[in-house]
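Asker: Quick one: the structure is below, questions incoming.
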Amino acid sequence: MMMRNMLCATAALCLSLFAAKAETAEHPFFRDALYPAWSQMTPQQVETDAREGIQRAQKRIDELLKVTPQNATFENTFLAYLRATEELDQLLQYSHHIYTCCNTNADFIPALNNVMPGVNSCRNRLLQLPQIQQILRNYAKSPQASKLSKTKQRLMQRTLDTLPVPLTPDMEKKRVQLQQELAKLISAYEQNLNKINENWYYVFKDRKQLAGVPTYTVQTMKKAAIARGFCTKDSPAWLITPRSPALSSVLRHCSVEATRQKCYQALKSPGNTRSGDNGPIVMRIMQLRQEIAKYNGYKSHADYKLHDRMMGSGTNALAMVDRMLERFLPVANARNAELLQAAGVHYEHNENTIKPWDTEFLKNKKEQPTFNPAQLRPYFEYENTLQGILSHSAQLFGLTIKELPTVYVTPGQQSPTDKIEVWAPEVRLFAVHDSTDGTHYGSFYLDAYTRKGKNTGARCQMLRVGTPTPQGNVGEPHLAAMMFEFQAPAKGTPHLLSHLEVRMLFHEIGHILHQMLGHGELREDAAIHQALDFIELPAHLHENRAWEPEILCSFARHYKTGGGLPLPLAQQLAAGRYNASINESMLNNLLIAKLDLEIHTHYYENFHGKSLDTATHEILGAWLPPSAEPPPSPLRNLSHCISVGYDANFYAYVLADIMAADVYEVFRQKGINNSAIGRSYRKTILEPGNSAPAAELYRNFMGRNVNIDAYLKNTGL
């Protein structure tokens with residue numbers, strides 16, 4: 001058993017990793033204030049605050065080690081354990097956010113590399129000390145623990161489930177080595193993606209290369225080329241990057257095969273190049289995850305990740321995905337046959353395979369939609385649409401959402417007292433209050449536009465978890481951020497959204513409201529801690545509203561005339577919702593979910609010793625269009641399954657669609673704008689956060705378990 005003096009020696013060692021500098025009076029990465037001082041969060045301050053955070057964590061660990069069965073309480077055992085490294089956790093949260101959102105991200109890499117050995121050493125000591133694990137287990141068996149509230153008992157059990165299985169010293173050493181190697185490989189995976197996404201581009205010099213591409217898409221590509229300095233207004237060019245919003249449109253519409261091939265390379269090249277091949281990295285990550293899971297007492301990494309989720313195990317989740325894929329197999333077979341027929345017509349001879357860069361183009365030719373969603377774009381001016389969605393959401397759930405004054409401050413500048421700092425000039429801030437009693441549930445930043453150094457995609461991130469009052473009421477508000485990568489319009493031109501982007505706004509606002517409203521008896525009950533296979537439900541449910549004519553017509557206005565969105569146009573959109581492309585989207589999610597679960601459940605049986613691309617094709621080939629060679633595996637550049645916490649959990653997007661269809665039937669039956677139902681949903685699904693199991697929350701609102709019928713009925717499967 002590790003002795004106390006060894007702990008102190010290790011602490012001294014990790015502290016020696018940092019240069020001895022004078023402490024600053026304030027530590028901006030974990031100061032006690034709702035809104036961060038972003039300008040003070042410099043790479044240099046990372047090291048200073050990490051050193052201070054380690055000292056505070058070490059002091060708490062020392063106090064925890066003094067606990068005896070006679071003086072043990074819930075607060076000095078489980079809460080002390082969960083919050084021992086809270087400053088370090090906050091530092092890493094803010095640092096990661098700055099790294100992904102700010103122009104200074106390159107400067108944060110060496111700073112984070114410097115502090116991570118000490119931070120990881122400190123956190124690992126807390127997790128691995130047998131004395132602390134025994135203190136927790138002893139208290140959980142005590143008479144006092146049996147008298148705690150249901151919420152606290154649930155938190156105790158969740159914590160006990162995360163404790164590592166006791167191992168021999170040699171086995172524990174091996175487990176730590178595997179975890180360290182895994183962390184390095186995940187970092188290498190992300191760095192490969194970041195480098196390629198930043199550095200890969202293609203500039204089209206001839207407008208004819210974009211024949212068939214919609215005018216708006218071409219204009220977007222031209223603006224992007226001008227912004228990057230690749231052309232002028234008098235000498236135009238058109239830019240494609242791996243994150244270009246025009247990419248999918250070009251693949252679907254461009255009649256020039258060479259252009260489609262270039263754009264396919266932009267889509268598939270990340271993680272698949274000589275300078276940064278993520279294939280071998282992914283395979284080693286999967287092997288490490290399987291080995292670590294077995295050290296932790298589980299058959300697979302999927303079982304380890306899902307033991308406390310709605311599905312309960314990787315086997316159960318995979319069975320659900322396979323059942324859905326069975327329903328989709330006839331759809332996929334018919335689609336593939338039609339694509340081969342379309343390829344024969346297009347190439348003027350019979351085809352047995354399809355070039356991967358032609359797939360979306362042939363689908364588009366085959367579908368020949370009668371309704372063009374681009375007709376809606378003039379009615380979806382960004383600011384008006386944003387305000388419309390926020391207003392609708394606030395009214396439905398009994399809230400007020402108000403924008404706050406902000407200011408961008410560079411390091412060393414004085415921040416004005418009447419404004420709140422943001423990390424970039426275009427970032428905005430909104431506060432969410434109860435419309436009846438004024439309770440401040442939380443605030444969220446909005447960072448909408450792409451810029452150099454920003455690499456986030458569309459997502460929401462909890463930055464600071466609020467603190468409930470001792471009675472379990474809302475106390476200190478939450479703080480979160482909502483990010484997009486919209487292309488900023490040229491000066492003097494309107495920013496018009498596609499319907500897909502409108503859906504994205506609804507989706508992420510659904511996440512934000514869950515994060516803002518979710519609270520409970522403890523800080524650990526916040527919605528951000530909810531099971532990952534349930535946490536997508538509020539976003540998918542809210543996204544349903546982007547299809548409702550009644551809702552869209554309530555705020556959509558033509559950017560030139562101010563005229564409202566014509567009801568027949570909105571009805572055409574709604575009528576085409578459950579078309580081939582929507583089923584295609586669900587099928588794509590199902591296939592990624594299957595791949596994610598298979599590789600995290602059956603790595604050694606189906607992947608070990610093979611190339612990632614070959615193994616992927618063997619798993620998914622029955623549903624994919626026939627191709628001359630296996631296409632690059634999506635895991636090469638799908639960070640969801642590798643580095644951002646959705647490993648073995650991508651199926652949550654599928655389950656969320658099923659649950660959202662089920663729950664939305666309640667709104668359909670009782671009124672999609674029924675505020676009484678909205679408040680009931682808020683009270684039973686959003687507000688409890690993680691204070692009860694997800695399945696229980698679902699039953700509290702629906703009166704039963706999840707039913708797949710609504711989804712199957714809507715899609716015609």
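The values are calculated or read from the model by the stated rules, or taken from the named source; none is laboratory data. Remember, it's a predicted structure, so these values are computed and weren't measured experimentally. Note: ideal-geometry Cβ built from the backbone for every residue, glycine included; neighbour counts use all protein chains shown.
Asker: With the condition kept exactly as written, say whether any residue in the stretch 679-695 is at pLDDT below 95, assigned to a helix (DSSP H, G or I) and farther than 21 Å from GLN395 by Cβ.
Answerer: Yes, the stretch 679-695 has at least one match.
Asker: I'd like the residue in the stretch 467-481 that is buried (at least 16 other Cβ atoms within 10 Å of the Cβ) and either at pLDDT 95 or above or in contact with a Gly (Cβ under 6 Å, 6 or more places away or on another chain) (or both) and, out of all such residues, is farthest from LYS152 (Cα to Cα).
Answerer: ALA481
Asker: Can you tell me which residue within the stretch 99-129, out of those that are within 23 Å of the chain's Cα centre (by Cα) and farther than 16 Å from SER187 by Cβ, is modelled with the highest pLDDT?
Answerer: Step by step, filter the stretch 99-129, then rank; the result is CYS101.
Asker: Which of the residues spanning the stretch 625-652 are touching a Lys or Arg at 6+ places or on another chain (Cβ under 7 Å) and among the acidic types (Asp, Glu)?
Answerer: Within the stretch 625-652, just ASP647 meets the criteria.
Asker: Six or more apart or on different chains, Cβ atoms under 9 Å: show the pairs whose first residue is in the stretch 72-98 and over 15 Å from GLY118 (Cα atoms) and whose second is among the small types (Gly, Ala, Ser) and assigned to a loop (DSSP other than H, G, I, E, B).
Answerer: Pairs found: ALA72/SER142.
Asker: Next question. Being surrounded by fewer than 19 Cβ atoms within 10 Å (Cβ to Cβ) and at pLDDT 95 or above: is that true of PHE701 here?
Answerer: yes
Asker: Another one. From the list LEU167, LEU127, LEU178, exactly one residue is aliphatic (A, V, I, L, M) and touching a helix residue (DSSP H, G or I) at 6+ places or on another chain (Cβ under 6 Å). Which is it?
Answerer: LEU178
Asker: Which residues, counting only those in the stretch 47-98, are within 23 Å of the chain's Cα centre (by Cα) and under 18 Å from THR159 (Cα atoms)?
Answerer: Across the stretch 47-98, the qualifying residues are GLU86, ASP89.
Asker: Same structure again: With the checklist (1) over 21 Å from THR450 (Cα atoms); (2) outside any loop (DSSP other than H, G, I, E, B) in hand, flag the one item SER248 doesn't pass.
Answerer: (1)
Asker: In addition: Quick check on this structure: which one of ARG175, ARG207 is touching a Leu at 6+ places or on another chain (Cβ under 9 Å) and charged (D, E, K, R)?
Answerer: None of the others qualify; the one that does is ARG175.
Asker: Related question: Collect the residues in the stretch 189-223 that are modelled with pLDDT of 90 or more and of a type in the set (A, V, I, L, M), keeping them in residue-number order.
Answerer: Once the filter is applied, which keeps residues that are modelled with pLDDT of 90 or more and of a type in the set (A, V, I, L, M), the stretch 189-223 yields VAL203, LEU210, ALA211, VAL213, VAL218, MET221.
Asker: Can you pull out the residues in the stretch 452-505 that are basic (Lys, Arg), out of contact with any Cys (no Cβ under 9 Å at 6 or more places or on another chain) and touching a residue at least 40 places away in the same chain (Cβ under 8 Å)?
Answerer: Scanning the stretch 452-505 gives LYS452, ARG459, ARG464, ARG503.
Asker: Continuing with this model, one more query. Going residue by residue through the stretch 357-368, is there one that turns out to be assigned to a helix (DSSP H, G or I), among the hydrophobic types (A, V, I, L, M, F, W, C) and either touching a Phe, Trp or Tyr at 6+ places or on another chain (Cβ under 6 Å) or assigned by TED's automatic domain parsing to the domain that holds GLU257 (or both)?
Answerer: Here is the first cut: in the stretch 357-368, the residues assigned to a helix (DSSP H, G or I) are 357-367.
Next, from what is left, pick out any that are among the hydrophobic types (A, V, I, L, M, F, W, C): 357, 361-362.
Keeping just the survivors that are either touching a Phe, Trp or Tyr at 6+ places or on another chain (Cβ under 6 Å) or assigned by TED's automatic domain parsing to the domain that holds GLU257 (or both) gives 357.
Yes, that holds for at least one residue.
Asker: Moving to a separate point now. Being closer than 18 Å to SER633 by Cβ and basic (Lys, Arg) is the filter; apply it to the stretch 281-304 and report the residue that is surrounded by the fewest Cβ atoms within 10 Å (Cβ to Cβ).
Answerer: ARG284
Asker: With the requirement that a residue be closer than 15 Å to LEU597 by Cβ and in a helix (DSSP H, G or I), what does the stretch 283-309 give you? Reasoning before the result, please.
Answerer: Going through the stretch 283-309, the residues closer than 15 Å to LEU597 by Cβ turn out to be 286, 289-290, 293, 298-307, 309.
If the condition is that a residue be closer than 15 Å to LEU597 by Cβ and in a helix (DSSP H, G or I), then MET286, ARG289, GLN290, ALA293, HIS301, ALA302, ASP303, TYR304, LYS305, LEU306 are the ones that fit.
Asker: The conditions are (1) surrounded by fewer than 17 Cβ atoms within 10 Å (Cβ to Cβ); (2) more than 29 Å from the chain's Cα centre (by Cα); (3) within 28 Å of GLN70 (Cβ to Cβ), and ILE132 fails exactly one of them. Which is it?
Answerer: (1)
Asker: Within the stretch 482-525, track down each residue that is closer than 25 Å to GLU687 by Cα, in contact with a Phe, Trp or Tyr (Cβ under 6 Å, 6 or more places away or on another chain) and surrounded by fewer than 24 Cβ atoms within 10 Å (Cβ to Cβ).
Answerer: Of everything in the stretch 482-525, just one residue is closer than 25 Å to GLU687 by Cα, in contact with a Phe, Trp or Tyr (Cβ under 6 Å, 6 or more places away or on another chain) and surrounded by fewer than 24 Cβ atoms within 10 Å (Cβ to Cβ), namely MET482.
Asker: Right, next: Scan the stretch 148-169 and give yes if some residue there is part of a helix (DSSP H, G or I) and either modelled with pLDDT under 85 or of a type in the set (Gly, Ala, Ser) (or both), otherwise no. Quick ask: steps written out before the conclusion?
Answerer: To start, the set of residues in the stretch 148-169 that are part of a helix (DSSP H, G or I) comprises 150-162, 169.
When the remaining residues are screened for being either modelled with pLDDT under 85 or of a type in the set (Gly, Ala, Ser) (or both), the result is none.
For the stretch 148-169, residues part of a helix (DSSP H, G or I) and either modelled with pLDDT under 85 or of a type in the set (Gly, Ala, Ser) (or both): absent.
Asker: Continuing with the same structure: Spot the failing condition for GLY312; the list is (1) in a loop (DSSP other than H, G, I, E, B); (2) touching a residue at least 12 places away in the same chain (Cβ under 8 Å); (3) closer than 17 Å to LYS594 by Cα, and only one is missed.
Answerer: (2)
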